[in-house]
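Take a look at the structure below.
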Amino acid sequence: MKRRDFLKGCMICGAASSLGISKKAWGSGSFEGYPEGMGVLVDLTRCIGCRSCEAACNKEQQLPEPKVPFDDQSVFEEKRRPSEEAYTVVNRYEQKGGPVYRKIQCNHCNEPACLTSCFVNAYTKTKEGAVIYNSKVCVGCRNCMIACPFNVPGYSYSSATNPVVKKCILCYDTRLKYGKPPACVEICPQEVLTFGYRKDLIKIGHERIRETPDKYVDHIYGEKEVGGTGWLYLSSVPFDKVGFDNTLGNEPIISNVKEFLGTVPMVLTIWPALFTGFHLLSTRKKGHGDDHGHDAHSKSEQEDAKK
């Protein structure tokens, strides 16, 4: 890229950010999800840690083979998080009554912090409930990774020329938009995962709690946390005992970090333009200095010739 084109691009981006091109991304008011949005209810009391969901996700999304086979229980020796090579993982938490297993993936928030923090609108909340990502417009700022309250988006470092964000998209392209359940839901042998309309799943969750109160904590995690999520959880033990953050509150997380994240686009776009401008000025001054020296030398030669 020519230096002039680079400077022009930086100036345009900086101006656009300053003028509020991301008005849609930052949002105005509160969005509580689509009324017909889908979701998944996860019953942790039924999970046996078979990792079938991991294998199904790997196959559906055409991810690379795992370093540790799906039937190898040694992975539970350490806590894992989703990555570019695994959009969902299962962790084990030892409890007095026996181990509890928890499936982790993007929770597909009603008001996604990843979406509202993205100043190029690389994220979309679909009417079906999925939060999907467009790598073609992503600029790699990783605002979404900072904003996500669940520490989900994984940044791909496998390609130096095309780094992208990787995460669960609820099998949107191959299943969800056709009304089919995600691959992990379909494969689960223990019926841990229930797919359906989010509003119906909340009713099902409360019914299970009401029918067997001794079996469940009286709470559906994700019903209200950070504005509500598409993935909802039932548990027999306090949620903080199985890795959930109970301090998030019910306000969308972006309400607390929006002002900070708003400065990131400005830094990313204005500073390159400023530094490029400094470089141009410095080069220009140096060039002028060389010209003056050349003129003085020529004048001296002319005077010597006259003599």
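What follows draws every value from the coordinates through simple rules; no lab data is involved. Note that this is a predicted model, so its numbers are computed, not measured. Because the Cβ atoms are built from the backbone with ideal geometry, glycine has one as well, and the counts that use them run over all protein chains shown.
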Burial-style ranking of 233-245, 123-135, average other-beta-carbon count within 10 Å with highest first, yields 123-135, 233-245
Fully extended contour minus Cα-Cα distance, from residue 191 to residue 46, at 0.36 nm per residue: 51.5 nm
5 angstrom amide H check on residue 232, placed H, neighbours 5+ away: 40, 41, 42
Ranked from highest to lowest mean number of other Cβ atoms within 10 Å per residue, what is the order of the peptides 216-226, 109-119? 109-119, 216-226
Evaluate E = 1/(1 + (r/R0)^6) for residue 72 and residue 211, where r is the Cβ-Cβ distance and R0 equals 41 Å; express this FRET efficiency to the nearest 0.05. 0.65
Given 25 °C, 0.890 mPa s and a Kirkwood radius over Cα pairs, the Stokes-Einstein diffusion coefficient of segment 32-131 in µm²/s is 159
Mind jotting down a quarter of the surface of the convex hull over the alpha carbons of segment 62-217, in square nanometres, one decimal? 11.1
Name the residues whose placed amide hydrogens come within less than 5 Å of the amide hydrogen of residue 155, ignoring near sequence neighbours (fewer than 5 apart) on the same chain. 166
Calculated P(r) of segment 115-193 - Cα pairs past 23 Å, %: 29
Please find the FRET efficiency linking residue 139 to residue 174, where r is the Cβ-Cβ separation and R0 is fixed at 35 Å, and quote it to the nearest 0.05. 0.85
